[in-house]
Amino acid sequence: MVQASSGHVSVMDVSKSFSLKVDNEYQTIQALKSVSFEVRDSEIVTLIGPSGCGKTTALRILMGLETTTRGRVTVGGKAVKGCGYDRGLVFQHAELLPWLTALQNVMFGLEMKGMRGRELKETAMRYLDLVGLADAANRRPYQLSGGMKQRVGIARALAIDPEVLLMDEPFGALDAQTRESLQGELLDIQARTKKTIVFVTHDLDEAVLLADRIIVMRAGSIQEVIDVPLPRPRGDLGALRGTAQFGEARYQVWKALHRAPDAASH
């Protein structure tokens, strides 16, 4: 048996259900139904689908914030049992500690990991520089724009040196120009760090621009898995949007999102 690489993610027959009280009665909600997929080392995979389809639940299970009702999840061949430093999570909103500076927010995760002394500050500064915020190290969150806060969140997640970066609609609340800028920066960072990335989004363009493969989800199940034929490095994302390859890939995702569930190909 070939040993899984450190950034390899495997989701095997995962189901997740929970009880919800409605009108004084408990109902069972099936968030995920027999979901299986793999993410190769250094690959970017996006999860896309309508609200409530299970994208974020799958991501939270990968992070160890939720447990499965059935099935198994591994990262680097090791079963996921709670949170771990082999995975980093970037939230939809940066969730920075407001009383700490940008530098201190990045240092926080490193301190939790046990890093101390000169190495602590130097490592945090290196990752702030990676996301282009070395000059804003001493600013507190209220002094940062939305895009800058998300950069700090990415730096904080990367600083602990995870094998897998999990991203839950991190650019969804940003204006279009900032969003496009951060998409390009994320691709540049991934090219330099070779991190495996699992990225949740509602945006068709974003899914195609970022991903090597797109997992289309609906009602807790995988509707279709689509390979993105765009070469890497992706280069100018604005110019890429005008290519026939981009248009065709986007149309494939659109069709999968609108196809009847019983017509899906798994």
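The values are calculated or read from the model by the stated rules, or taken from the named source; none is laboratory data. Computed from a predicted structure; not experimentally measured. Cβ placement follows ideal geometry from the backbone for every residue including glycine, while neighbour counts extend to all protein chains displayed.
For the reader, a short list of remarks on this structure follows.
- Members of segment 112-127 found to be over 15 Å from Gly88 (Cβ atoms) and in a helix (DSSP H, G or I), listed by number: Gly117, Arg118, Glu119, Leu120, Lys121, Glu122, Met125, Arg126
- Odd one out for Asp135 among (1) assigned to a loop (DSSP other than H, G, I, E, B); (2) out of contact with any strand residue (DSSP E or B) (no Cβ under 6 Å at 6 or more places or on another chain): (1)
- The listed residue being under 30 Å from Arg179 (Cα atoms), in contact with a Lys or Arg (Cβ under 6 Å, 6 or more places away or on another chain) and β-branched (Val, Ile, Thr), out of Val39, Val106, Val90: Val106
- Qualifying positions in segment 91-108 - outside any helix (DSSP H, G or I), among the aromatic types (Phe, Trp, Tyr) and over 13 Å from Gln150 (Cβ atoms): Trp99
- Test for Ile154: is it in the same structural domain as Tyr251 (by TED's automatic domain parsing), under 27 Å from Leu100 (Cα atoms), hydrophobic (A, V, I, L, M, F, W, C) and within 14 Å of the chain's Cα centre (by Cα): no
- Verdict on Ala249 being closer than 20 Å to Gly153 by Cβ, outside the structural domain of Ala157 (by TED's automatic domain parsing) and either touching a helix residue (DSSP H, G or I) at 6+ places or on another chain (Cβ under 8 Å) or among the acidic types (Asp, Glu) (or both): no
- The number of residues in segment 1-40 that are part of a strand (DSSP E or B) and modelled with pLDDT of 90 or more comes to 19.
- Of the numbered criteria (1) more than 25 Å from Asp41 (Cβ to Cβ); (2) modelled with pLDDT under 95, the one Arg70 fails is (2).
- Inter-residue pairs, beta-carbon under 7 Å, first buried (at least 16 other Cβ atoms within 10 Å of the Cβ) and in segment 168-184, second in a helix (DSSP H, G or I) and hydroxyl-bearing (Ser, Thr, Tyr), 6+ apart: Asp168/Thr56
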